[in-house]
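Notes follow the structure.
FYI, it's all coordinate maths here, none of it is from the lab. This is a predicted model, so every value here is computed, not measured. Quick reminder, even Gly has a Cβ in these numbers, built from the backbone with ideal geometry, and neighbours come from all protein chains shown.
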Amino acid sequence: MNVGVIGTGMIGTEHVRRLTSRVAGARVTAVFDVDTDRAAGVAAVAGAAVHREGHDVIDDPAVDAVLIASPGDTHADLVLACVATGKPVLCEKPLATTSGAALKVVEAEMTYGRRLVQVGFMRRYDVGYLTVKSALAAGRVGEPLLVHCVHRNVSVPPAFTGDMSLTDSLVHEVDASRWLLGQEIVAATVVEVPHSPLASPQLRDPRLVLLESERGIVIDAEVFVNARYGYDVRCEVVGTTGTVALEAPTTGAVALDGGRVQALPMDWQARFAQAYVDELQDWVDAVHRGTATGPSAWDGYAATAVAEAAVASRGSRTMVDLAERPALYSGESSP
Ligand code: NAP
């Protein structure tokens, strides 16, 4: 399977490396990035052609499937072009920066008649999240009542501004919660907390968001993108008879001088390294089979709709404006 990659920045470069060396059944044959030097460097490693713009990658007859890893505000148009040409596409999150644009992707896919779009919610492939999911499915902690989520980054690049901690980061907690609980999120409240002076003021970092599921489960999600000390993602589901929590993979602990130190990953690349490989392998296998099973355009739409409600919240409980879920998305991966 020949893959064309649009966007060869931090994650795009790593996805190309993974597709080239860790994933079976695919190779990268074309790339584009507005930073032409960056694109050329990545293309040289993969043995791929460099195109002059994103749509040239999609229209390239030698490209079987497309991976989009450019900034979020470019995603929806590129995904729509993929669907128009009938090419499978793995789009990094967010699927779109507005729920209206994401819904257009859902509608285009419905018109096409089958799923072509997978969204890069790679936590669904992480062994820790999969363990939580299977414990819940087996009823090991009874009925879920509450979910506690934490999403902390060391820092974010200068381009990360405004409400991106909700539209770009919180969407992971939203998708993970929807997937773990098998329920849509219907309301969001952003609770005012003191902001870190180490973050740019417009980020209002950290954020604390209360999400409510359709059957009344409350999810508290802390998003702190300038936490400095490490990359720390946590998730605990509290049930009627017990709790199940994510254990971050570790490389061991050092006990010394009366203390015990356990290393934390410093970024998402390290924390979710295996999940990204498994995500890509699943996508490539699905494209070969012609049946998409990973996080769908609906999942991308639902996450963006919840983030939009959180942005609008400003302290008050805000209902999520969600369209009716089409039958095309009633498969296993969606609530
Ligand atoms: P990044 O390092 O800034 O890379 C984005 C690249 O796309 C840059 O080289 C940028 O060039 C380029 N670009 C800008 N406009 C473009 C366009 N119209 N067409 C093609 N390329 C364009 O960002 P990143 O961290 O890799 O993030 C990329 C996407 O992946 C974002 O949507 C982000 O949310 C997502 N992401 C997902 C995860 C995950 O865990 N699933 C993790 C990280 C990122 P310039 O720098 O010159 O603008």
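Would you mind calculating the gained length between ALA312 and THR131 on full extension (0.36 nm times residue separation, minus the Cα-Cα distance), in nm to one decimal? Spell out each step's value before the answer.
On the way: separation 181, 0.36 × 181 = 65.16 nm, distance 3.35 nm.
Roughly 61.8 nm would be gained on extension.
Where nothing but the Cβ of Lys and Arg (+1) and of Asp and Glu (-1) is charged, how large is the charge dipole of region 54-165 around its Cα centre, in debye to the nearest 20? Could the numbers behind the result be given before it?
Values: 10 positive and 12 negative charges, 125 e Å.
Magnitude of the dipole: close to 600 debye.
Any chance you could list P(r) for region 1-98, counting all Cα-Cα pairs in 5 angstrom bins from zero, rounded to whole %?
Reading upward from the zero bin: 3, 16, 29, 27, 18, 6, 1, 0.
Rounded to the nearest Å, what's the spacing between the alpha carbon centres of region 56-135 and region 172-209? Just the number, please.
The distance from the Cα centre of region 56-135 to that of region 172-209 comes to 23 Å.
Would you list the P(r) distribution for region 18-154, with all Cα-Cα distances sorted into 10 Å bins from 0 and each bin expressed as a whole %?
The percentages, shortest bin first, are 10, 32, 30, 20, 6, 1.
Order by neighbour count: MET266, MET319, fewest other Cβ atoms within 10 Å first, most last. Provide the component values of the computation, followed by the final result.
Numbers: MET266 14, MET319 11.
Exposure proxy ranking, most exposed first: MET319, MET266.
Please state the charge dipole magnitude for region 129-262, taken about the Cα centre, from unit charges on C-beta atoms (+1 on K and R, -1 on D and E), reported in debye and rounded to the nearest 20.
On the way: 10 positive and 16 negative charges, 56 e Å.
Magnitude of the dipole: close to 260 debye.
If you filter region 199-261 for GluC sites (Glu not before Pro), then keep DSSP loop positions with at most 16 other Cβ within 10 Å, what is left? Intermediate results must be reported in sequence, preceding the final value.
Values: sites: GLU212, GLU214, GLU222, GLU236, GLU247; in loops: GLU214, GLU247.
For GluC sites (Glu not before Pro) across region 199-261 that sit outside H, G, I, E and B with at most 16 neighbouring Cβ atoms in 10 Å, the list reads GLU214, GLU247.
Where does the chain land at 222 nm, in deg cm²/dmol rounded to the nearest 500, when only DSSP H runs of n ≥ 4 count, each adding -39500 (n - 2.57), divided by all residues? Please list the in-between numbers first.
Working: 10 runs with 114 residues, N = 335.
Calculated mean residue ellipticity at 222 nm is -10500 deg cm²/dmol.
Please list, short to long, the whole-number percent of alpha-carbon pairs of region 259-335 in consecutive 5 angstrom bins beginning at zero.
Calculated P(r), rounded to whole percents: 3, 12, 14, 14, 15, 15, 13, 8, 5, 1, 1.
Summarise the long-distance tail of P(r) for the chain by giving the % of C-alpha pairs beyond 29 Å.
Numbers: 21087 of 55945 pairs.
Here the long-distance tail beyond 29 Å is 38 percent of all Cα pairs in the chain.
What are the radius of gyration and Dmax of region 118-275, computed over its Cα atoms and given in Å?
Cα-based Rg and Dmax for region 118-275 come out at 16.2, 50 Å.
Given R₀ = 22 Å, what would the calculated FRET efficiency be for GLN262 paired with SER155, taking r from the Cβ atoms and rounding to 0.05? Write out the running numbers ahead of the final one.
Details: r = 21 Å, r/R0 = 0.96.
According to the calculation, E is roughly 0.55.
Mind checking the full-extension length gain between ARG234 and ALA273? Use 0.36 nm per residue of separation minus the Cα-Cα distance, one decimal, nm. Don't jump to the answer; show the numbers that get you there.
On the way: separation 39, 0.36 × 39 = 14.04 nm, distance 1.64 nm.
The ARG234-ALA273 span can extend by a further 12.4 nm.
With a Förster radius of 45 Å, plug the Cβ-Cβ distance of VAL45 and GLU143 into 1/(1 + (r/R0)^6) and report the FRET value to the nearest 0.05.
Working: r = 49 Å, r/R0 = 1.10.
Plugging the Cβ-Cβ distance into 1/(1 + (r/R0)^6) gives 0.35.
Give the residue list of trypsin sites (Lys or Arg not before Pro) in region 231-335 that are DSSP loop and have at most 12 other beta-carbon atoms within 10 angstrom.
Listed in order of number, the matching sites are ARG314, ARG317.
Among THR293, THR241, which comes first, second and so on when ranked by fewest other beta-carbon atoms within 10 Å? Spell out each step's value before the answer.
On the way: THR293 15, THR241 9.
The fewest-first ordering by Cβ neighbours comes to THR241, THR293.
Just the ratio, please: alpha-carbon radius of gyration of region 167-210 over 2.2 N^0.38 Å, N its number of residues. Could the numbers behind the result be given before it?
Values: Rg = 12.6 Å, N = 44, 2.2 N^0.38 = 9.3 Å.
In units of the globular-protein estimate, region 167-210 measures up at 1.36.
Determine the dipole magnitude for the chain: charges of +1 sit on the beta-carbon of Lys and Arg, -1 on that of Asp and Glu, nothing else is charged, the reference point is the Cα centre, and the result goes in debye to the nearest 20.
Values: 28 positive and 41 negative charges, 109 e Å.
Magnitude of the dipole: close to 520 debye.
From the phi angles alone, apply the Karplus equation (6.51, -1.76, 1.60; θ = phi - 60°) to region 89-95 and give each ³J(HN,Hα) in whole Hz, x where the residue is Gly or Pro.
With the stated coefficients, region 89-95 comes to 9, 9, 9, 4, 6, x, 4 Hz.
Taking the alpha-carbon centroid of each part, what is the distance from region 20-34 to region 138-168 in angstrom?
Distance between centres, Cα-based: 29 Å.
Please name which of GLY242, VAL284, ALA263 has its Cα lying farthest along the dipole of region 238-335 towards the positive end, using unit charges on Cβ (Lys, Arg +1; Asp, Glu -1) and the Cα centre as origin.
Most positive-ward Cα: GLY242.
Tell me, VAL127, VAL150, VAL171 in order of fewest to most beta-carbon neighbours within 10 Å? Before the final figure, lay out the partial values.
Working: VAL127 12, VAL150 18, VAL171 25.
With the fewest neighbours first, VAL127, VAL150, VAL171 line up as VAL127, VAL150, VAL171.
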